[in-house]
Structures are given as structure tokens and as C-alpha cells.
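Structure first, commentary second.
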Amino acid sequence: MTTTHDVINPATEEVVRTVELASLEQTDAAIARAAQAAPAWRVVSPADRAMLLRRFSDIVGEHQEELALLEVQNAGHTIGNARWEAGNVRDVLAYYAGAPERNFGRQIPVAGGVDLTFREPLGVVGIIVPWNFPMPIAGWGFAPALAAGNTVVLKPAELTPLTAVRLGELALEAGIPEGVLTVVPGRGDVVGERFVTHPDVRKVCFTGSTAVGQRIMRGAADQVKRVTLELGGKSANLVFADSDLELAAARAPYGVFDNAGQDCCARSRILVQRSVFDTFMEHFERAVRGVVVTDPRDEAAEMGPLISAGQRDRVRSYVEDAGGEVDVAFRGEAPEGGGYWYPATVVLPRSTSDRVWREEVFGPVVAVMPFDDEADAVAKANDTAYGLSGSIWTRDLARGLRVARAVEAGNLSVNSHSSVRYSTPFGGFKQSGIGRELGPDALEAFTEVKNVFIATD
């Protein structure tokens, strides 16, 4: 078994750094350190825990540009996106710095005494981070987990470990005690699997494919271990005839091609009311051809490369190797030469059973299909195993709310593609996952409710 991994810059195919991968024994040692640190961390006063998280937030902010440039090399993200991602970690830490002092229990009226509830930390939490958004998704897990009084072992994706490792170093600089947040680079079938099987890890947070999430859920059942799973998506973007078509078409590329389509919230199915389909497509073609796909270090870049050669081959299989079942409507531009580039591609599937319509491509490929009326739009949007996000474009806000209530997805936006805010809950329906991250209630997922009755008779 390999003990190191070469981190490759997706835009150049050059080796950025070689990272040592943790063995099973090293993973067990990291979990043991986290378990040993847990009792002291859980009794740090809420005010002091909040102070440490604020200090961590400040230090991340001071290193925002460093982290962003590292992510450009690490994951091929555009510099604009990478700055936002580092800033999101800073802001999520600041938001949850306010949580320890608001981790409230309740007093419940009962006969014969006083009844109190407390929210107790779980202990050690294992967080498994994907390669598509290495920084934000790490922060979405460790910030509320630490705020609730847990210790954390975090496994970054093998392809993109660099920013997670740096965040672990910055936590120590901020004064977070040794063992409270430990980053463990390694293989999923070694480190990630051990998070699932180790009895001292009381919860696993996983973001990634539905297939892997299912395996984690099955493994966690052996110990009745808690899980939060944020899995795949095949989100719909519904465009009604009464919408601002030019605006809907202009925004549509950024709802699916952001991060080269490597986004579980990507609106990779566009449904357009039949009466305006051709008009929308004319506007959409201009918008797609206008997406700036270039060196992600360029300040003007709007889309970068795919993460790896293997991912590019997978994306190609939905278009070039589709056996003639996919008609390409139009494509954008992409650089030639080194790097895992693929152009923004718009396809017209022939039926709702086509692979490109049903499966998560996880690349810059979007399928467009007409619908007849509101009922048809909702039926087509819900005809999927997934239910993570989606958008609705209409000037009729009553329709927008009505359709939002009917679409089976956890995060919907009307006349927008905004899915994620750290102050609101995020998660999916159906096979898009279990549980919710972010928002004011995130600490509930990292605590147990303890009930205490005190007799006064």
C-alpha cells in the first residue's frame, strides 16, 4: 500500500507537494489523542471556548490569501472562488464562536420537582471531507463540532489535503489545544474506514458520493454510530415563461459550471417552459460562450479545470461515449495543453431515462429539457433519486412558493441559485443525505440531550 500521495495541480498537471498518508496505526494514535483531549476540552468554559474559536477565525482571516493561493494549486479553483472559500471558513468559525454560550437546554414543568435538559458533547467526531470544496466543508463540520465541546479528527480527500493541513496548523497557532482538532491525511479505505469502525469515534460526518455514504451508513450501524451524510445531487433549475428570461439565462451557467460543475448543488438539469424554450436557449448560448475558462490564477477566471484525468474521463463518458443518445446543443471554450480542462457543455437528452439526465455527472455538463405546465415541471424535477438543491425562476411569487413546497429538495431558491449560507440549514432529501449542517441549530447534530430530574417534595 502506498504511503505517500503526490498532490497534482489540476491546471498544469505538475506535482505541488508530496504528502504522507497515515497508516491504520497512525490513525488509531490520532483518535486516541482526540479521545484523551476530549474531557479537558468539554469542560472549557463556554466563554473561553468561544474566545478560542474567535481567535481561530481571526487567524484564518489573516491567512486568507495564503489559503486561497494554496487552494488554487491544490484543487484548481479560480482565485476568486478560493478567496471566498477561505473567507467562508473564517466566517463560519466566527458564527459558531457565538454558539457555546447559547447551547441552551430547557426547564420542563413537571410534578414533584424540577426537570432540566442539557446538551452534552458526543466526544470524538470524525469528519471526512471531499475534494471538490476542501476548505468550506471542513469548516462546516469542525466549527460547530468544536463549539459543542467535541474533539475532531478530520480526513481530507487524498487529492486535496493541503488546505486542511494548513487549517490544522492555524488552529494550534490560535491556541486550540493539541488533540482537539487533528488533520489525518490518508486513504478512504484506511483512515475513513477507521473513523467508521473505531469505537471512540462517536459520530462520522461525510460529504461525498451516495454510494460511499451508503457504505458508511451500513458500517455505522454496527455501533449505532451517529452520521451526517451530505451526498450527491441532480438538481433542477425550473424556468417558467413569465420569468425574466434574459436574467435566468445569464445566471444559469453560474448555477451549474461553478467549480467546473464539481458541485453537489449544481443545477445540472434545466427545465424550461416549452413556449419560451427557443428564446431561452438563444440567451443561454450567449451566456455559456461568455464564461471565462482560463488559468485559475487569473483574476478574470470564472471556471477552472476538473480535478483529475480520471474525472475528466468520467465527464467525457456522458457526452462523447454516450452512444449517440446525447445531442450537444453548444459548448464554451477551454484551454488546450496541460491541465484537466473540459469545456462548458449543453446537451439535449432525448428522454428522461438518458444517463446524462439521471446520473450526477459532476462536471461542466448541463442537460436542458422543455416542460408543459407547472405540474409537468414539478413531476420532472422530482423524477430523481436525489433531492439536494434547485432553483425556480418566475415573476409570480405565489407560484415560486407553491413550486418550492412541491419540489422534493432540501435547499431551494426563487430567482436565484444561492443554496448555501452559514446562517441557514443545509442538507438533502432522499438519497442526497441525512441530517443538516450549518444554521442556528447545527450544534444539535453534535450533542446528546441529557434529562435531569431533581425531586423537591
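The values are calculated or read from the model by the stated rules, or taken from the named source; none is laboratory data. Because the structure is predicted, anything quoted here is derived from the model rather than measured. Reconstructed Cβ throughout: ideal geometry from the backbone, glycine too, with neighbour counts over all protein chains shown. Heavy atoms of the whole protein, side chains included, go into the accessibility calculation; ligands, DNA and RNA do not. Shrake-Rupley method; radii C 1.70, N 1.55, O 1.52, S 1.80 Å.
The residues of the range 96-125 that are surrounded by 22 or more Cβ atoms within 10 Å (Cβ to Cβ) and either part of a helix (DSSP H, G or I) or touching a Gly at 6+ places or on another chain (Cβ under 8 Å) (or both), listed by number, are Tyr96, Ala97, Pro100, Pro121, Val125.
Pick out the one residue from Gly439, Gly400, Gly390, Gly428 that is within 20 Å of Gly213 (Cα to Cα) and not acidic (Asp, Glu). Going through Gly439, Gly400, Gly390, Gly428 in turn, just one is within 20 Å of Gly213 (Cα to Cα) and not acidic (Asp, Glu): Gly428.
Okay, residues lined up against (1) open to solvent by 20 Å² or more (accessible area, probe 1.4 Å); (2) over 17 Å from Glu359 (Cβ atoms):
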{"position": "Ile270", "(1), (2)": "no, no"}
{"position": "Glu285", "(1), (2)": "yes, yes"}
{"position": "Pro296", "(1), (2)": "no, yes"}
{"position": "Glu302", "(1), (2)": "yes, yes"}
{"position": "Tyr318", "(1), (2)": "no, no"}
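None of Ala241, Ala236, Ala249 is surrounded by fewer than 24 Cβ atoms within 10 Å (Cβ to Cβ), touching a helix residue (DSSP H, G or I) at 6+ places or on another chain (Cβ under 9 Å) and at pLDDT 95 or above except Ala241.
Can you find a residue that is in a helix (DSSP H, G or I) and more than 24 Å from Asp396 (Cβ to Cβ) anywhere in the range 240-255? Talk me through it step by step, then tell me what you get.
From the range 240-255, those in a helix (DSSP H, G or I) are 245-255; that's our starting set.
Imposing the further condition that a residue be more than 24 Å from Asp396 (Cβ to Cβ) reduces the set to 253.
Looking through the range 240-255, at least one residue is in a helix (DSSP H, G or I) and more than 24 Å from Asp396 (Cβ to Cβ).
Comparison of Val227, Val152, Val204 shows that the only residue that is buried (at least 18 other Cβ atoms within 10 Å of the Cβ), under 20 Å from the mean Cα position of the chain (by Cα) and either modelled with pLDDT under 95 or over 29 Å from Val72 (Cα atoms) (or both) is Val227. Residue-level check: of (1) open to solvent by 30 Å² or more (accessible area, probe 1.4 Å); (2) within 13 Å of Ala236 (Cα to Cα), Arg395 misses just (2).
Of all the listed residues (Arg218, Arg194, Arg202), the sole one being farther than 30 Å from Glu65 by Cα and assigned to a strand (DSSP E or B) is Arg202. When the range 6-40 is filtered for residues that are open to solvent by 80 Å² or more (accessible area, probe 1.4 Å), in contact with a Gly (Cβ under 7 Å, 6 or more places away or on another chain) and of a type outside the set (D, E, K, R), only Gln36 remains.
Evaluate the following for Gly290: is it modelled with pLDDT of 95 or more, more than 16 Å from Trp393 (Cβ to Cβ) and out of contact with any strand residue (DSSP E or B) (no Cβ under 9 Å at 6 or more places or on another chain)? Give the derivation first.
Values: modelled with pLDDT of 95 or more: yes; more than 16 Å from Trp393 (Cβ to Cβ): yes; out of contact with any strand residue (DSSP E or B) (no Cβ under 9 Å at 6 or more places or on another chain): yes.
Yes; evaluated as a whole, the condition is true for this residue.
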